[in-house]
Amino acid sequence: MKTEFTAVVPVAGAGTRLRPHTYTYPKVLLTVGNKPIIGHIIDELSAAGIKKICLVTGYLGGKIKEYISSNYQGLRVSYVEQPEAKGLGHAIWLTRRCVTGPVLVTLGDTIISADLGKFLDSKDDCIAVKEVADPRRFGVVEVANGYIKSMMEKPEKPASNLAIVGIYSFKNSAKLYGSLERLVESGRTTRGEIQFTDALSLMLKGGHKLKPVAIDGWYDCGKPETLLETNRYILNRKKFPVKVKNSLIIPPVYIAPTARVSNSIIGPYASIGEGAVIDSSIVSDSIINENASITAMNLNGSLIGPSAIAVGRRDQINIGENSEVRFDKRDCDL
């Protein structure tokens, strides 16, 4: 009988680089493509056969629970709160009472292009890696004889250009949590936080084998520009049917069934959320969240929050939930 994995997904971050959106919305509920970030992650986990998920919540965690309970009734989802941001290692350590047996850890603010079967079916414990141009921004691994020899978090002088990119699998979670426990008890921190990489380094020093698994790509959702890049990736990968009258559609785009679009040019790379209203506007390379209203706008590279209202002609705008902006009427003619 195949052993059942539990997925641990940390989603406690405040998303400060995505303000003003994250003043009222948790980062993982921001839309890319046709649904929130966390929706894409859970879909991938579910498609790989994972039925048990433990989410580490914090900032605006109640909204995350509400979304999950409304959309994923068929999964067994548990929650652990991280009341204070003490690092990824601390977040995963908090799940120790929710997990037994094999565990897959995947980050909640990153959409990864990878075959999860390589992690779930491997006889080894695995860490996802990818070559990067500047490894100093990441956790970095050094490989010898097919296994990870050493790792370090954001080193000034990297031993390789292989970055750790956010998927980890362990056949025996007790070993992982034992290493995290030692790290927490020692009070050791790196850059003021309990780092997951430090716990994994302790496992390596104890003789534990970790296998690097190269992945195709990963898409960060932590900043406006990377959120839009991820949106482009989703729209290119999934072809969504679009039915709109009196408007020009330039694929790829996503327009929710309840959105209303009239007298507009939409695309390429535009996502329009449920209940949004777009009138007499040009929208490309932008994300318009649910119930937003856009009139006489020329938008490119823009993020519009839920229920926001924007009227007038501008090329780029970034406004959060329930915001309203109206530009000079002289700019309103397209």
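For the reader, a short list of remarks on this structure follows.
- Angle of helix 224-237 to the longest C-alpha principal axis of the chain, folded into 0 to 90 degrees and rounded to 10: 90°.
- Calculated FRET efficiency for the pair ASP134/GLU4, C-beta based, R₀ 25 Å, to 0.05: 0.05
- In region 136-272, taking the dipole from charged Cβ atoms about the Cα centre, the farthest positive-side position among VAL242, GLY206, VAL143 is held by VAL242.
- Taking every Cα-Cα distance in the chain and sorting them into 20 Å bins from zero, the calculated P(r) comes out as 30, 52, 17, 1 percent.
- The gain in end-to-end length when the LYS245 to ARG182 segment is fully stretched comes to 16.5 nm, 0.36 nm per residue minus the alpha carbon separation.
- Spin-label model, ASP115 to GLU274: label points 7 Å out along the Cα-to-beta-carbon direction sit 3.5 nm apart.
- Globularity ratio of region 138-218, using Cα Rg and 2.2 N^0.38 Å: 1.08
- Exposure proxy ranking, count of Cβ atoms within 10 Å, fewest first, for THR226, THR16: THR16, THR226
- For region 177-222 and region 3-35, distance of Cα centres in Å: 21
- Selected from GLY87, GLY74, GLY62, residue furthest toward positive end of dipole (region 60-99; charges at beta carbon): GLY74
- Summed residue charge, Cβ within 11 Å of ASN145's Cβ, Lys/Arg positive, Asp/Glu negative: +3
- For region 160-295, radius of gyration divided by Kirkwood radius, i.e. Rg to Rh on alpha-carbons: 1.21
- Here the peptides 238-248, 287-297 are ranked by packing, the mean other Cβ count within 10 Å, and the order with the highest first is 287-297, 238-248.
- Near-label residues of region 190-213 by backbone N, under 17 Å of a point 7 Å along Cα→Cβ of LYS157: none
- Footprinting exposure proxy for TYR168, TYR67 (fewest neighbouring C-beta atoms within 10 Å first): TYR67, TYR168
- At R0 = 41 Å, FRET efficiency that the Cβ-Cβ distance of LYS149 and GLN73 yields, to 0.05: 0.40
- For region 6-220, the dipole from Cβ point charges (+1 on Lys and Arg, -1 on Asp and Glu) about the Cα centre works out to 320 debye, to the nearest 20.
Throughout, read-outs are computed from the coordinates displayed, never taken from laboratory work. Just so it is clear, the structure is predicted and the values come from calculations on it, not from any experiment. Please note: Cβ atoms are built from the backbone with ideal geometry, for glycine as well, and neighbour counts cover all protein chains shown.
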